[in-house]
Amino acid sequence: MAIPRTFLVPLIVACALFMEQMDSTVISTSLPALALDMAVDPISLKLALTSYLVSLAVFIPISGWMADRFGSRTIFRSAICVFMLGSILCGVSSTLPQFVAARFFQGIGGAMMVPVGRLVILRSVEKVNLVKALSYLTIPALFGPVLGPPLGGFITTYFHWRWIFFINIPISILGLYLATRFIPDLKAEQVSPLDWPGFVLSALGCSLLMMGLSTAGRHLVSGEVSLACVVLGVLFLAAYVWHARRAAAPLIDLTLLKIPTLQAGVFGGSLYRIGIGAIPFLLPLMLQLGFGYTPFHSGLLTCATAAGAMFMKTIASRFLERYGFRTVLVVNGSLGILSLWAIALFTPQTPYIVMMLVLLIGGCFRSLQFTSLNAISYADVDNPRLSQATSMASVAQQLSIGMGVVLAGFALQASNELQGHATLVASDFWPAFLVVGAVASLSILMLRRLSPNAGAEMSGRVKTKSA
């Protein structure tokens, strides 16, 4: 009996998404073990997290163009190969520079894999079955972050952190076989020229800026090199803004930011993600280096956040229909920030169950906030510019999460030095959580400026009122 394409194609793409999602969360639990093996300060490993996120931000905007130009199956298979090779390079890395370079290379595959896979579904599944097909795609996005931390902790505790990356090899080989057999090689009839100057400027700007900020103060490179990277990164990004205003078809159309709802989603969402993006970096370090937990027990606790997020996904639409976007974003966002600050109150004596409940409830708040931010961003964007808006939002998301890791690293380093500790201890972490929470709270000021009726049609409130 033949498996219907409505189910089969999304399942293949979902496997790739599961691998990418799990890999991005599984590494967080293993940071202390990585630092020990590579003989570096654990805070220095923020560069390993940010390099992957920057790679996503750089290459996501061109993934759709490459699929149109060279064929969806060709790019999807190439992305899996790049991701697998990047995973192998991560697994055999013995120094921090090698690991950072491997993570950046792995991110190129991740950036191409998921957007191109989603494009394959949109173009190969009949419209009448599209909603069902896309719903299959969300399942791994929910389970990846839940399984990632405990799996990474289990492998690190009872085997070796390198196996975290080697397990991607059989999954990738299976994905290559299935993609070759079942995914159509679709191309666009007409492909507009790629904005190569814009791509180069944005790629250099994002990469240099984040590298400069991530290496500052940790003696990985000299202070002069870090400062030069930051300055050059800012100059390249400024040059991109100048270029985008004059280009006929810029890589990322900045004029979209004139749309109030997209502006709130991008800027307000970025500020919020800076705070939340710090959790996967700070929490495992605090639990393992500060509280003495094993990577496995740390991972079990960390996955409570993802479990709460998965539960909230099932009822998020009810909150939006009942209260509207503005109320949900302001009230729920504030509760999410309070739950972030609550983590700062954890001590080695805090009961395990209390920490799990705080993380579980916090995961619910953060999931509802991200769902609302993602939706409101596209509430007033017309179809022809939807692809551009998606690229802009995706880039902003990855960079803001990376910036959260950078900010958390600075705050943790400052707390450690001001308290005069030779190594990281439990009391070094609470100031860092307060700092990233304070930055996230700035998002509420921006989200309050939304109209009370913003996104009313998308939330279903217009229909409710007319009824």
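Computed from the coordinates by the stated procedures, all read-outs in this text should not be read as laboratory data. The structure presented is a predicted model; accordingly, all values stated were derived computationally and were not measured. We place every Cβ from the backbone using ideal geometry, glycine too, and count neighbours over all the protein chains shown.
Quick notes on this one:
- When the helices of the chain are scored as -39500 (n - 2.57) per DSSP H run of n ≥ 4 and the total is divided over every residue, the value at 222 nm lands at -24000 deg cm²/dmol.
- Pair S94, F166: separation of 7 Å Cα→Cβ label points (nm): 1.6 nm
- Simple rule: put +1 on each Lys or Arg Cβ and -1 on each Asp or Glu Cβ in the chain, find the dipole, and look at M392, T347, G198; the Cα lying farthest toward the positive end is M392.
- Averaging the sequence gap over all C-alpha pairs within less than 8 Å and six or more residues apart, then dividing by the number of residues, gives the chain a relative contact order of 22 percent.
- Partner aspartates and glutamates for K187 [C-alpha distance under 18 Å; skip if fewer than 8 residues away on the same chain]: D68, E126
- Lys, Arg +1 and Asp, Glu -1 on Cβ, resulting dipole of the chain about Cα centre, debye, nearest 20: 1200 debye
- Cα shape, the range 263-323, gyration tensor, a/c 1.5 rule: oblate
- Expressed in units of 2.2 N^0.38 Å, where N is the residue count, the Cα radius of gyration of the range 306-454 is 1.19.
- Considering only F236, L178, W161, and ranking their Cα positions along the charge dipole of the range 158-266 that arises from unit charges at the beta-carbon of Lys, Arg, Asp and Glu, the one farthest toward the positive end is W161.
- Under the Karplus curve 6.51 cos²θ - 1.76 cosθ + 1.60, θ = phi - 60°, whole-Hz ³J(HN,Hα) for the range 57-72, x wherever Gly or Pro sits: 4, 6, 9, 4, x, 9, 5, x, 4, 5, 5, 5, 7, 10, x, 5
- Mean silhouette area of the range 196-250, derived from the convex hull of its C-alpha atoms and averaged over all directions, reads 3.4 nm².
- Distance from the alpha carbon centroid of the range 287-336 to that of the range 28-84 works out to 24 angstrom.
- Calculated mean projected area of the Cα convex hull in nm² (choose from (i) 22.6; (ii) 26.6; (iii) 24.1), label: (i)
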